[in-house]
Amino acid sequence: MGRYVVRRLLQMVPVFIGTTFLIFVMVYALGDPVAAMFGDKTPDPATAAQIRHALYLDHSLPAQYVHYMKQIFTGNFGTAATGQPVTQLMGTAFPVTLRLTLVAFAIEAVVGIGLGLLAGMRRGRFADNGVLVFTLLVVAVPTFVTGYLLQYFLGVKWHVANPAVAEGAPIGDLILPGLVLAAVSLAYVARLTRTSVAENARADYVRTAVAKGLPRRRVVTVHLLRNSLIPVVTFLGTDIGGLMAGAVVTERIFNVHGVGYQLYQGILRENPPTVVGFVTILVIIFLAANLLVDLLYAVLDPRIRYA
Amino acid sequence: MRGAKSAKWVVGAAVIGLAATACGSGGTSSAGGSNDGIVRAWWGDPQNPLEPANTTEVQGGKVLDMIFMDLKEYDSTTGAAKLEAAQSITTNDQQNFTIKLKPNLKFSDGTAVTAHSFVDAWNYGALLTNKQLNAYFFEDIEGYDKVHPDSGQPTAKTMSGLKVVDNDTFTVKLNQKFSTWPDRLGYKAFAPLPKEFFTDHAAYLNKPVGDGPYKIVSYTKGSSMKLVPNPYYTGPSKPKNKGVLLKVYTSSETAYADLQAGNLDVLDDVPAEDLSHVKSDLDGRYLNQPAGINQTISFPLNQKAWNAPGMDKVRVGLSMAIDRKTITQKIFQGTRTPATDFTSPVLGAAGGFSSDLAGDSLTYNPAKARELIKEGGGIPGGHMTIGYNADSGSHKEWVDAVCNSINNVLGDNKACVGAPTGTFADFRNQITNGEMTNPFRAGWQMDYPLIDDFLTPQYATGGSSNDAHYSNPKFDALIKQADAAPDAAKATALYQQAEKLLFTDMPAIPLWYQDGQAGWSSRVSNVTENSFSFPVYTDITVNNS
C-alpha cells in the first residue's frame, strides 16, 4: 500500500507541472495584459514599459513561467490588477465556493441517493419511471437555463428566495444556487444508486436478511443501501472537484463572489496572476480528490493495491 | 453498529467544514434596511486601485466622483465646468495660471486641503515610476518631460511648472498657450490628495479619503462599499440621502433580478436583453439619455491600401452606406443615437456639438455611396473586414448589421464581414501595435465634456489615442490655434473648423452616440444621470425615510 501511495504521489508532479504550464501559456496567449489596463485608450509607452517591468512581463515566456513557479513555492501568487495580492482573493473566494460546493454536495447526496433508492426499490413501476424521466430532464437542460428560470420564478416572481446571494454568502441564500449546481450530478447519483440498488435487491444476503425476519428498515439501510453505495461514494468523491470548477456558471448567475467570479474577472481583465493562481489551486484540488478516490478504491478492493 | 458510527463521523466532518467556511461571513452584510435612508446601488469592481491618476474606467471613476471635489466640477445637467474647490483661476497669457483655493476646505479625515494637496498629487500622478495610467493628463505642464520621459528614468521628481505660493495659492506654467486648460481640471486625475496618501499608501488604498460630498466608511474589495455624507464638505452638491451602499454584482442580469425583487435601488447597467421590456418591468422608473461616449469604425491609415490617393472618397462612401437609424432602432432598441459629428450631444451646441457640420457625409445615401466608392477605386482588394472583440458588449450584432448595410449598398454579399478577436486585450494589443490591416471598431468615452477631448487625442498627429494613425497638418494647425485662442467661444469655433476636415478625410466613421441608462426601485426618487452617465447619487432621495 505504501509503495502504491508513493507512486501515485510521484505521478502527480508531472501532471501538475504540465497543467500549470499549459494554463500559463494559454493565458498569456490571450493578449497583452498591460494593453487591457488602459481600456479603449492607447497605452502611454513609457508607463506601459514601467508596468511591464514591474510585472516581469519583459522577459521570455519560459523565464516568466520559471519565475512564477519560484514565487508560488514561496507562497507568493502575485498581485491582481486591483492591487490586492492574489492570495487575499483566494482567501475570500475559496471559502465561499467551498461552502456553495458543500451545500450542493449535501443536496446531491441526500436527494440523489433518496431518489435512486426509491426508484431502485420500485423497479419498473410509476416511481421508477418518474425518477428516470426527471433525471433525464435535469441532465438535458443546461445549468444556466435552470439557473435563470429558478432565479426568475422563485426569486423575482414568487419571492420565495433571494435572486442574488447577499454579501458574505449566508447559507440560506446558497440553497437555490446549490440546488442548481447540484442538479446535473444529482441525476447521475440517482441513476447510479438506482442501478446498484436494483441489482443488490435480489442478492442472497438481502434475501437472508429478510428471511431472518429483520425489520424492513434495517434490511434496506444497513444491508441493501450500504452495499449499493460503493460506486456512488466514489462518484461523489471525484465530483467535489467538478462542483468547484462547475461553480463558474452558477456563481455568475446568483452573484456568488467565489472562485468562478474571480476567474471570470481575471479572464475578462486579462489578469494572468489571478487566472493562473486560481486554476493552479483548482488543479491541486482535482489531483487531491482523484488521489483520495484512488486510495479509497485500493482500501475497498485489495486487488488494485497489488496490481 | 459500525455503519451508524461512520455516518456520524461523516456528518460531523461536514458540520465542521461548514462552520469553518462560515467564518468571516457574518456581520459585514449591511444590506440596507427599508427606512435607513441609504441608497443601494449597483457597482462593478473597479479595475485598478482607487487612486485618482490611476483610474481609467467607469466603476472606479464613479467612486472618485463621489469622494472628490476638484478645482472645477462639471454641471450635472449642462456639463459646463464651474469653479468648486477653486476660488479663482486667472491668467494673462493663456500659459501661466494662478489658482486660488476657497478658504477652509477639508478632507473627510479632517485635514486641510491646501495648495500642496494639489501640487503633490499632480507631481505624484505624473512621475513615471509611480506607473499611473493617467499620467499623460499632466503632459501640458512645464517639466513633464523630466518626470515622465519617453524612455529611460526620470531626471526630476517634480514638475518645474508647479509652484506653491502660499497655503491657498499655487501657479501653473504650461508648455504652450492653452486657454481651455482650466476646464480640464474637473477630471478626477486632477483631484487633491491628503497627507495620508503619501505617508501610508496601503491604508489609503483600503479606504480612500477625499474632499467630496461623500466619505467612505467601509470598503470590502470586490464586494461592496458604503459611503455616507462627508461632514466637512462645503460644496454645492450636498447629499440628499443618508448614504450610498455600492454593491458589486457578478453580472448585470443578476442585478436586474435583484432590482425587480426589491433588493437593489439603482442600476445603471441595464442588461441588453432586458431593454425591450424594462419600461413595463419597472413601471416607467427608467431613463435613457445620451452620454459622452461615441462609437466609430476606425481605418488603419498606416496601411498603404487604406491611405492611397482617392481612398478618402471610399471612406466617405462607406460612411454613407451605413443605415445608422435602422441599426440603432433594431439592434440597440433606441439606446444609441445616430451620430451627426465626432463629439457628443452632452457638449451642447455652445460646447461644440453640431448636427449640421457633417454635411451629408453621415447620412445614409446608397446611390451616392456607391458612386463615391467607385470613384475612389473601390474597397482595397474588393473585400474588407470590421474588427471587433467578441468577449464583451454585443459588438457582433451591430458589426454584422453594418456590414450587411454596406453589402446591400454595394450589391455584393462578400464585400464586408465581421472579424472577431477573442479578447478585448488582444484586440487592443493589435491596434496599439499598428497591426490592423482592415477597419476596426473603436469607442471613445470622454474624459471631460469639452470638444478638444474628442478631437486632439484621437486625430491630432501623434495623439495619445490616435489609433487610425491619422495625420493632417491643417488639422494639427487648427487645433494648435484653438488651444491658444483667448476665449472659449473662439476656441470652440476653431476646434469645429478642424473637425470639419475629418468629414472629408474620414479617418474614422462616426456611428452613434451611446446612451446612459438607469432603472430604479420604487423606494427611491430623483434619479438622474450626469454627462458621464453616472447616476447623480447626491440628488437621489429615499422615500419615507
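Could you work out the per residue convex hull volume over the alpha carbons of region B:293-434, in cubic angstrom? Each step should come with its number before you reach the end.
Numbers: hull volume 17.8 nm³, N = 142.
Spread over its residues, the Cα hull of region B:293-434 gives 125 Å³ apiece.
Using the alpha carbons of region A:1-142, what is the convex hull volume per residue in cubic angstrom, as a whole number?
Working: hull volume 29.5 nm³, N = 142.
Cα-based convex hull of region A:1-142, divided per residue, equals 207 Å³.
If you take each beta carbon of peptide B:127-139 and count the beta carbons of other chains within 10 angstrom, what is the mean?
Details: counts 0, 5, 3, 2, 11, 4, 10, 4, 4, 6, 0, 0, 1.
Counting Cβ atoms of other protein chains within 10 Å of each residue's Cβ and averaging gives 4.
Name the long-range amide H neighbours of residue A:76: under 5 Å, sequence gap of 5 or more, or other chain; modelled H, no Pro or chain starts.
none
So in chain B, what percent of DSSP beta bridges are antiparallel if you round to the nearest 5? Intermediate results must be reported in sequence, preceding the final value.
On the way: 54 of 68 bridges.
Of all bridge pairs located within chain B, approximately 80 percent are antiparallel.
Sorted by average packing, counted as other Cβ atoms within 10 angstrom per residue and highest first, what order do B:403-412, B:270-279, B:135-144 take?
B:135-144, B:403-412, B:270-279
Which value at 222 nm does chain B reach when only helices count, each DSSP H run of 4 or more adding -39,500 (n - 2.57), with the total divided by all residues and rounded to the nearest 500 deg cm²/dmol?
Numbers: 18 runs with 170 residues, N = 545.
One gets -9000 deg cm²/dmol as the mean residue ellipticity at 222 nm.
Express as a percent, rounded to the nearest 5, the fraction of DSSP beta bridges in the protein assembly as shown (both residues included) that run antiparallel. Walk me through the numbers on the way to the answer.
Numbers: 55 of 69 bridges.
In the protein assembly as shown, approximately 80 percent of DSSP beta bridges are antiparallel ones.
Please list, ordered by chain and number, the residues whose modelled amide H lies under 5 Å from the amide H of residue B:389; skip anything fewer than 5 residues away on the same chain.
Correct list: B:421.
Enumerate the aspartates and glutamates that residue B:146 could reach by cross-link, defined here as Cα to Cα under 18 Å, with residues fewer than 8 away along the same chain left out.
Excluding near neighbours in sequence, the set is A:44, B:120.
Let's test this: bin the Cα-Cα distances of region A:65-223 at 5 Å from zero up to the farthest pair and state each bin's percent.
2, 8, 12, 13, 13, 11, 10, 10, 8, 6, 4, 3, 1, 0
Once phi is turned into θ = phi - 60°, what whole-Hz ³J(HN,Hα) does the Karplus curve with 6.51, -1.76 and 1.60 give for every residue of region B:527-537, x standing for Gly and Pro?
For region B:527-537, the Karplus-derived couplings read 8, 9, 10, 8, 5, 8, 6, 8, x, 7, 4 Hz, x marking Gly and Pro.
Tell me, what is the FRET efficiency for residue A:17 and residue B:303 to the nearest 0.05, using R0 = 51 angstrom and their Cβ-Cβ distance as r? Intermediate values should be presented prior to the final figure.
Working: r = 42 Å, r/R0 = 0.83.
Once rounded, the FRET efficiency stands at 0.75.
Do any of B:304/B:374; B:188/B:221; B:330/B:500 go past 25 Å between their Cα atoms, and which?
B:330/B:500
Could you derive backbone 3J(HN,Hα) for region B:199-208 from the dihedral phi with the Karplus parameters 6.51, -1.76 and 1.60 (θ = phi - 60°), listing whole Hz in sequence and x where the residue is Gly or Pro?
8, 9, 4, 4, 5, 4, 5, 6, 7, x
How much net charge surrounds residue A:250 when only other residues with a Cβ under 15 Å from its Cβ are counted (Lys, Arg +1; Asp, Glu -1)? Display every interim value, and only then the final one.
On the way: positive: A:99, A:252; negative: A:108, A:173, A:239, A:251, B:253.
Net charge around residue A:250: -3.
Less than 15 Å Cβ to Cβ from residue B:220, Lys/Arg counted +1 and Asp/Glu -1: what total charge do the surrounding residues give? Provide the component values of the computation, followed by the final result.
On the way: positive: B:40, B:207, B:221, B:226, B:247; negative: A:167, B:45.
Once all neighbours under 15 Å are counted, the net charge is +3.
Where in chain A are the DSSP H helices whose alpha-carbon span along the long axis reaches 30 Å or more and whose Kyte-Doolittle mean is at least 0.0? Don't skip to the answer; put the middle values down first.
Numbers: long enough: A:2-29 (41 Å, 1.29); A:86-121 (50 Å, 1.59); A:171-200 (39 Å, 1.05); A:230-254 (34 Å, 1.29); A:272-300 (41 Å, 2.17).
Answer set is A:2-29, A:86-121, A:171-200, A:230-254, A:272-300.
Taking the Cα centre of region B:177-296 as origin, sum charge times position over the Cβ atoms of Lys and Arg (+1) and Asp and Glu (-1), and report the length of that vector in debye to the nearest 20.
Roughly 700 debye for region B:177-296.
I'm a student and want to see the number: the projected area of the Cα convex hull of chain A, averaged over all directions, in nm².
Working: hull surface 83.7 nm².
Across all orientations, chain A yields a mean hull projection of 20.9 nm².
May I ask you to list the trypsin sites (Lys or Arg not before Pro) in region A:1-105 that are in a DSSP loop and have at most 14 other Cβ atoms within 10 Å of their Cβ?
Details: sites: A:3, A:7, A:8, A:41, A:52, A:70, A:99; in loops: A:41.
Here no trypsin sites (Lys or Arg not before Pro) fit, given the DSSP loop and packing criteria.
In Å, what Rg and Dmax follow from the Cα atoms of the protein assembly as shown?
Looking at the protein assembly as shown, its Cα Rg and Dmax stand at 30.8, 109 Å.
Please give me, ordered by residue number, the trypsin sites (Lys or Arg not before Pro) of region B:121-216 that lie in loop per DSSP and have at most 16 other Cβ atoms within 10 Å. Provide the component values of the computation, followed by the final result.
On the way: sites: B:131, B:146, B:157, B:163, B:173, B:177, B:184, B:188, B:195, B:215; in loops: B:131, B:157, B:177.
Hits after loop and neighbour filter: B:157.
Rg to Rh for chain B: what is it, with Cα atoms only and Rh by Kirkwood?
Details: Rg = 25.6 Å, Rh = 25.4 Å.
Rounded to two decimals, Rg/Rh equals 1.01.
From the helices alone, meaning DSSP H stretches of at least four residues, give me the mean residue ellipticity at 222 nm for chain A, per-run term -39500 (n - 2.57), in deg cm²/dmol to the nearest 500. Can you show the working numbers first?
On the way: 13 runs with 222 residues, N = 307.
The per-residue figure over chain A is -24500 deg cm²/dmol.
Can you pull out the trypsin sites (Lys or Arg not before Pro) in region A:132-213 whose DSSP state is coil and whose Cβ has at most 12 other Cβ atoms within 10 Å? Spell out each step's value before the answer.
Values: sites: A:157, A:191, A:194, A:202, A:207, A:212; in loops: A:202, A:212.
Counting only loop positions with at most 12 other Cβ atoms within 10 Å, the trypsin sites (Lys or Arg not before Pro) in region A:132-213 are A:202, A:212.
Evaluate Rg over Rh across region A:225-307, taking Cα atoms for both radii and Kirkwood's formula for Rh. The partial results should precede the final answer.
Numbers: Rg = 16.7 Å, Rh = 14.6 Å.
Taking Rh as the inverse mean 1/r over Cα pairs, Rg/Rh reads 1.14.
We did not get these values from a lab; they are worked out from the coordinates using the rules stated. Just so we're clear, the structure is a prediction, and the values are computed from it rather than from any experiment. We place every Cβ from the backbone using ideal geometry, glycine too, and count neighbours over all the protein chains shown.
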